[in-house]
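The values are calculated or read from the model by the stated rules, or taken from the named source; none is laboratory data. Since the structure is predicted, the reported quantities are computational estimates derived from the model, not experimental observations. Ideal geometry is used to build each Cβ from the backbone, glycine not excepted, and the neighbour counts take in all protein chains shown.
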Amino acid sequence: MANGKVLISSVSLILVVGVAIGVVVVVNKSDSSSDPKVAAQQKNVKVMCEGTEDPKLCHETMSTVKGNTSDPKVYIAAGVEATMQRVIQALNMSDRLKVEHGDKDPGIKMALDDCKDLIQFALDSIESSVNLVRDQNIQAMYDQTPDFRNWLSSIISYQDTCMDGLNNGTNGEKEIKEKLNTDSLDEMGKMTGIVLDIVTNLSNILEKFDLKLNLRPASRRLLELDDEGLPTWFSGADRKLLAAVDKGTAGAPNAVVAKDGSGKFKTVKEAIDSYPNGNTGRFVIYVKAGIYDEYILIPKKSSNILIYGDGPAKTIITGHKNFVDGVKTMQTATFANTAPGFIAKSMTFENTAGAAKHQAVAFRNQGDMSAMFDCAFHGYQDTLYVHANRQFYRNCEISGTIDFIFGASATVIQNSRIIARLPLSNQFNTVTADGTKMKNMATGIVIQNCEIVPEKALYPTRLTVKSYLGRPWKQYARTVVMESNIGDVINAEGWCPWDGTMFLDTLYYAEYANSGPGSNVQGRIKWKGYQGIITKTDAEKFTVGQFLKGGTTGNADDWLKATGVPYAVGFLKS
């Protein structure tokens, strides 16, 4: 019955999409090159598709458009609708496979449960794209390309995470993975990639359509901190709230958690579950000092939560789920947030499974426009999973061993302390493992004005235990370390491969204005994708103001100012 229900709702969605976008998409059967309208359409399709990775599939999709074929919005709408249909197909397939195979093995059930959730998130992202195309004219769409690219990038992140979850190759996982990929996910990824390529290249496309539009890039003004140390883009209400939290003068939070019973709730989960339906504005949760041994998932409907504690040394959320004990990486997280607008402040998230247990996530975040301030994230392998969407970290402490900051999001980590820990004797440390899979994804990891150091236990052997800034998890891994103090714990080569020569030509690794003994690039690797020390102009693209763009003006300040977290939009030292 569950499968049938999904199929029915999917058909409804497909029917709604074509109408909602406001275009007519039908097969154009006329192939007469003598028809001026057909010739004009073919020319426009070529313009739309010439910058895509799969021009054949792009041409097949765009050639189905019939109507005002001189309007580029019509072609974008066709791509978005085709993507929506493929996402729905993948959702149906994941549900069907769960019914057919979910009772065969706990690992398979867990992976298919994750896939279904991830594809549902992908559906949310493509629905946001549908709404944008439906509700805005082409100028407004262009102005909002940072949001558009983020939504499409997140779909690819979710698709890839689903595939990675079916990675054991045992108990039929390999066969299920191949069927899910071949029958739906592969097409979903390819179609999403085409639309992403088009949106990324939209400025050039619109110029060739000769429309009278304002195609100037969004303002690059650098925003400063105000007298209270808060960024000038925070909303007034959130700025006052964060300042009051700092001073201990904040009004009564919506929920108070205390192990000793002095709050309304004794567990963090109970406080999260108290989030009211239809809530607007901030929902504030105060977690008093204590060690909370529990697993938390903030659902996507619980947007704009602010959770804060009495400091990272006092308020600690802890867990120990791990891959070795049979838990899929995504579900090992002690604390997971899937809601937009999330803020965490003054608390610790940890996974104590240890190095021998391999993947063991302390904090997983896929909430768009989320910010963490004065928090600690402690673990070993895969500590901080920056899963998808735009994320900002400030004044934090992050520790681990292998790939301990990883994911496929747009993440900036500012003014933080990054600590390499002592791994097992046969292991090495990698600070980052970015999962950017396609070249036009608006994703990557930026480390700015941070300190990279060894923990006390690693210090005596820091020069013999190899530690690197990162390794490429996916084909277009993108990581920039700038204005940071890099300790001698980092190996002279700086970066290490994932597997042989895989991804070394397509990745993008760069450094800028760093200091410390580990910042010397003379001994760095000589890969084609390693950029070395980049120029200030290139580095500016990875500052908050450029890299975390969002909202109707295309500036990061559209959303960061609503969080109340201190930040710098531009350079901090140069």
Considering residues of the stretch 554-574 that are modelled with pLDDT of 70 or more and under 22 Å from residue 409 (Cα atoms) only, the residue surrounded by the most Cβ atoms within 10 Å (Cβ to Cβ): 571
Restricting to the stretch 415-440, what's the tally of residues that are farther than 18 Å from residue 350 by Cα and over 25 Å from the mean Cα position of the chain (by Cα)? 5
For residue 165, indicate whether it is over 20 Å from residue 332 (Cα atoms) and in contact (Cβ under 8 Å) with a residue 24 or more places away in the chain. no
Looking at this structure, is residue 457 closer than 18 Å to residue 413 by Cβ and either touching a residue at least 40 places away in the same chain (Cβ under 8 Å) or not aromatic (Phe, Trp, Tyr) (or both)? no
If we keep just the residues of the stretch 336-366 that are hydrophobic (A, V, I, L, M, F, W, C) and in contact (Cβ under 8 Å) with a residue 60 or more places away in the chain, which is surrounded by the fewest Cβ atoms within 10 Å (Cβ to Cβ)? 356
Working carefully through the options 82, 90, find the one that is surrounded by 19 or more Cβ atoms within 10 Å (Cβ to Cβ), modelled with pLDDT of 90 or more and within 14 Å of residue 196 (Cα to Cα). 82
Pairs only if they're at least six apart or on different chains, beta carbon under 7 angstrom, first in the stretch 467-496 and closer than 14 Å to residue 518 by Cβ, second among the small types (Gly, Ala, Ser) and in a strand (DSSP E or B); list them, first residue then second. 467/420; 470/433; 485/515; 489/420; 489/467; 490/467; 491/467; 495/470
Return the pair list, or none, for Cβ contacts closer than 6 Å from residues in the stretch 380-394 that are in contact (Cβ under 8 Å) with a residue 24 or more places away in the chain to residues that are of a type in the set (Ser, Thr, Tyr) and part of a strand (DSSP E or B), at least 6 apart or on different chains. 386/411; 391/370; 391/411
Of all residues in the stretch 526-553 being assigned to a loop (DSSP other than H, G, I, E, B), at pLDDT 80 or above and surrounded by fewer than 18 Cβ atoms within 10 Å (Cβ to Cβ), which is nearest to the chain's Cα centre (by Cα)? 541
Any residue in the stretch 33-56 that is free of Cβ contacts under 8 Å to residues at least 12 places away in the same chain sitting within a Cβ distance under 7 Å of a residue that is assigned to a helix (DSSP H, G or I)? List the pairs, counting only those 6 or more apart or interchain. 33/39; 55/49
Restricting to the stretch 122-146, what's the tally of residues that are touching a helix residue (DSSP H, G or I) at 6+ places or on another chain (Cβ under 7 Å), buried (at least 21 other Cβ atoms within 10 Å of the Cβ) and either closer than 25 Å to residue 364 by Cβ or in the same structural domain as residue 326 (by TED's automatic domain parsing) (or both)? 4
